[in-house]
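Chemist: A single structure is presented below for examination.
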Amino acid sequence: MIVKGVKYQYYVSYLFISITSSFFGITFENVMYHFENAGNYKMMNLMFAIHITLFCFYLFFMFMFLDSLVRVRPKIISLVIVSSLVAIMFIGVWIHFFYENDVSYADGTIIITASRLAYDFLGFYVFGIQGVFIYWQIYEKTKESLAFVFMSTQFFMMIGFLPRIYREIWNMIFFLPEKNISHLKLTGLSPILFACNLLALVSIITFLILYIINIKYIIRLPHDIYFLGIYTLSGLKIYKASFKTSKKKKIQDSILSGIFSAFHSIFKSLFQSEHPIKMIHSDDFSLLFFTDNSIMVVVATEQPTFILARAMKQFLIQFNQQFPNIYKDNFLNLEGIENTHQLLKLRFPFLKIVLD
């Protein structure tokens with residue numbers, strides 16, 4: 001998957017870091033079972049600590065990837081929740097290793113139980129609350145069956161964490177003072193846990209296979225993108241494409257280039273800014289800008305997102321590579337500009353160009 005991402009220049013680092021971390025996390029988990037069977041608790045707990053640390057990266061960067069589909073940056077409250085759960089996981093397993101390494105993580109202490117519970121809550125939050133909602137947004141907007149399948153994988157991954165949460169909450173009760181409750185193994189949950197874990201595993205594999213087969217779906221966004229325009233910094237239009245959307249917005253093309261040039265000039269001269277404007281945002285409409293020394297790319301969208309901004313940046317780089325002399329010595333050379341359509345298909349494969 002990472003190889004295909006590099007090949008097509010879809011540099012979605014959050015997803016790639018998450019997948020890589022999960023691969024190594026599963027590897028250390030399998031090594032951990034070897035030491036568990038051998039009764040070597042110290043090495044088993046070390047492998048468990050490394051496994052959970054890698055899964056901290058896996059879940060955190062999966063959260064960042066999913067969030068980047070719908071926002072430029074995560075909401076503070078979401079980032080605090082996720083970071084807090086990751087911190088509990090990380091601190092818990094390493095405290096257990098350094099101070100309780102002769103006790104199996106499966107028997108555990110209150111700190112390791114809290115760590116496992118944090119892991120289960122984080123998985124439930126990332127895949128259930130976040131993943132299901134985001135892919136439902138994409139499905140609701142596009143009605144694509146693939147988006148529904150992605151949403152289903154997130155739902156079944158979420159289901160896998162529910163019996164684990166139930167188990168760990170009961171195990172936490174054991175540690176509460178003055179509670180005359182034996183440490184519950186909850187053996188009756190074993191078949192349910194096995195079935196849910198199997199379902200979650202199949203869902204994860206399906207999720208990865210779908211992205212391997214449809215690598216371009218990485219940049220499938222749930223929000224409308226109305227147009228993409230390329231302009232000189234002085235206000236000349238080089239290229240503009242409008243896209244099919246679920247909502248109709250009539251935009252006067254004749255005044256766009258002048259307005260965008262004015263935005264650039266105002267920030268550069270009036271406010272004495274050394275950096276170009278990047279975004280103008282309202283609740284239902286936003287403009288994203290990417291600028292180099294001579295031209296700017298502008299995208300009008302329902303909602304700005306991190307993935308969209310990265311795609312715009314890559315589009316500008318490739319456009320300059322294909323048209324290195326598009327604007328030189330105040331002369332606009334539009335020869336072959338129709339080939340920009342191919343760049344659009346590469347960077348924004350799901351956008352359908354419509355005539356204005």
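We did not get these values from a lab; they are worked out from the coordinates using the rules stated. Worth saying up front: this structure is predicted, and the values here are computed from it rather than measured. So basically every Cβ, Gly included, is an ideal-geometry build from the backbone, and we count neighbours across all protein chains shown.
Chemist: Collect residues whose amide H, placed 1.01 Å from N in the peptide plane, falls under 5 Å from the amide H of LEU332; neighbours closer than 5 in sequence don't count.
Modeler: Placed amide hydrogens put nothing under 5 Å from LEU332.
Chemist: Oh, and also: Using θ = phi - 60° and the Karplus form 6.51 cos²θ - 1.76 cosθ + 1.60, what ³J(HN,Hα) does each residue of the stretch 84-94 get, whole Hz, x for Gly and Pro?
Modeler: 3J(HN,Hα) across the stretch 84-94, in whole Hz: 5, 5, 4, 5, 4, 4, 5, 5, x, 5, 7.
Chemist: Suppose a student asked you for the relative contact order of the stretch 2-219, using Cα pairs under 8 Å spaced at least 6 residues apart; what percent would you report? Numbers along the way, then the final one.
Modeler: Details: 242 pairs, mean separation 38.1, N = 218.
After rounding, I find 17 percent.
Chemist: Now, a different point. If you take the square roots of the eigenvalues of the alpha-carbon gyration tensor of the stretch 2-219 and sort them as a ≥ b ≥ c, do you get rounded (a/c under 1.5), prolate (a/b over b/c) or oblate?
Modeler: Working: a/c = 1.93, a/b = 1.69, b/c = 1.14.
Because a/c hits 1.5 or more and a/b exceeds b/c, the stretch 2-219 counts as prolate.
Chemist: Please give the FRET efficiency for ILE91 paired with SER282, using the beta carbon to beta carbon distance and R0 = 30 Å, rounded to the nearest 0.05.
Modeler: Step by step, r from the Cβ atoms, then E = 0.15.
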